[in-house]
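Read the structure below first, then the notes.
Each reported figure results from applying straightforward, stated rules to the coordinates on display, with no laboratory input. These numbers come from a predicted model, not from an experiment. Cβ placement follows ideal geometry from the backbone for every residue including glycine, while neighbour counts extend to all protein chains displayed.
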Amino acid sequence: MTKNGQTILEELYRDHSKRLVGYIYNFLRSENEAEEVAQEAFLKLHSIENPEEIISHKAFLYRIAHNLAMKALRRRKIIKFDTGINMDEMEVESNEPPADQKVSSQQEYKLFCDAVATLPPKCRAAFTLRIIHKKSFKEVSQELSISVSTAEKHVLKGMRDCQNYMKRAKKQSVNLSSQQTLEGRKVKRQIV
């Protein structure tokens, strides 16, 4: 996804990230949620397999963001049964997620932490300040004594590197579990 040495994604991020957050905010009415959806939209655009086939990356980015915002709105809707029972008003014994979901979230979080730990120091600092501490690019640049554009580049590199790290780790995990399953079948055949 390159164009004259500078990636299209970096250019889109620099030129449209604030407008994209504003666009998403119009749907969600939550600045934090709008920023999260915008980040996810950029990550989805980055992970497209054949970016050269996209005619307008900006339009495609906004379509991804729109779809993600609509998905977030659907998740917010109150679930009602045919009986008209409002699930939000029912008392629930526990707010804890199911055990398997909790384990999966913990594993995902650990994987994310491992990915962040692999980032170069300046990149990790900028990424952590922006993504985890929700600081603006201006605040990040001031804290790290770097320009705003350098802060943006560090954050974008951090996003890209973390995503790639997590993809590789998940792929290795799937390959390992597949291998273990195959080995388990071999053992069963030998026993029978």
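Cross-link pairs exceeding 25 Å in C-alpha to C-alpha distance, out of 18/153; 44/134; 110/138; 71/138; 77/171; 71/134, comprise 110/138; 71/138; 77/171.
Taking other C-beta atoms within 10 Å as the exposure proxy, 131, 55 rank 55, 131 from fewest upward. Peptides 41-54, 153-166, 116-129 ranked from most to least packed give 153-166, 116-129, 41-54, packing being the mean of other C-beta atoms within 10 angstrom over each peptide's residues.
Here the Karplus curve 6.51 cos²θ - 1.76 cosθ + 1.60, taken at θ = phi - 60°, turns the phi angles of the stretch 135-145 into couplings of 7, 6, 5, 5, 5, 4, 4, 5, 5, 9, 6 Hz, with x standing for Gly and Pro.
Over all other residues within a Cβ to Cβ distance under 15 Å of residue 154, the charged ones net out to +4, with Lys and Arg as +1 and Asp and Glu as -1.
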